[in-house]
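Quick note: the coordinates plus some simple rules give every number you see, no bench work behind them. What you see is a predicted model, and the numbers here were worked out from it, not measured in a lab. Because the Cβ atoms are built from the backbone with ideal geometry, glycine has one as well, and the counts that use them run over all protein chains shown.
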Amino acid sequence: GRMWAYSVGFTVLPHVGGFLGWFLNRKEIPEWYEKLKKPSWCPSRRMFPVAWTMLYTGMGYASYLVWNDLGGCSSKAMVPLGLYGAQLVLNWAWPPLFFGAHNLNM
């Protein structure tokens, strides 16, 4: 019973920051982003929520599998989960910097 809750928690976690990033920048995305010059192969704006939902779900569930296989918060799990956590924070920081601050260098 409890493992089910852990798997759902790990899987949902990446979506929290993703949703907050979208929520805080939702007005900037259609107005500012649409005016940018983009290459012809750039996917439609409608594809981003689908792609990020799939990516965040996969990343979250994979982090659960690592946590589970390496015995929870053991010393073996600290490096992979630490790297994953750092990558997640950078992922969450990107939308406010790119869309909010209009920083194209990001």
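Descriptive notes on the structure:
- Restricting segment 23-90 to trypsin sites (Lys or Arg not before Pro) in coil, as DSSP defines it, with at most 13 other Cβ within 10 Å: Arg26, Lys27, Lys37, Arg45, Arg46
- Degrees, to the nearest 10: 75-95 long Cα axis against longest axis of the chain: 20 degrees
- Estimated 222 nm signal from helices in the chain, with DSSP H stretches of n ≥ 4 weighted -39500 (n - 2.57), rounded to 500: -22500 deg cm²/dmol
- Helix 47-69 axis, angle to the chain major axis (alpha carbon atoms, nearest 10°): 20 degrees
- For the chain, the longest principal axis of the Cα atoms and the long axis of helix 2-25 meet at an angle of about 20 degrees.
- Note on Arg46/Ala5: beta-carbon distance plugged into 1/(1 + (r/R0)^6) with R0 of 35 Å gives a FRET efficiency of 0.60.
- At q = 0.16 Å⁻¹, base-10 log of I(q)/I(0) for the chain (Debye sum, equal scatterers on each alpha carbon): -0.79
- Simple spin-label estimate for Trp92 and Leu55 in nanometres, 7 Å along Cα-Cβ: 1.6 nm
- Relative contact order of the chain, pairs being alpha-carbon contacts under 8 Å that are 6 or more residues apart, as %: 43 percent
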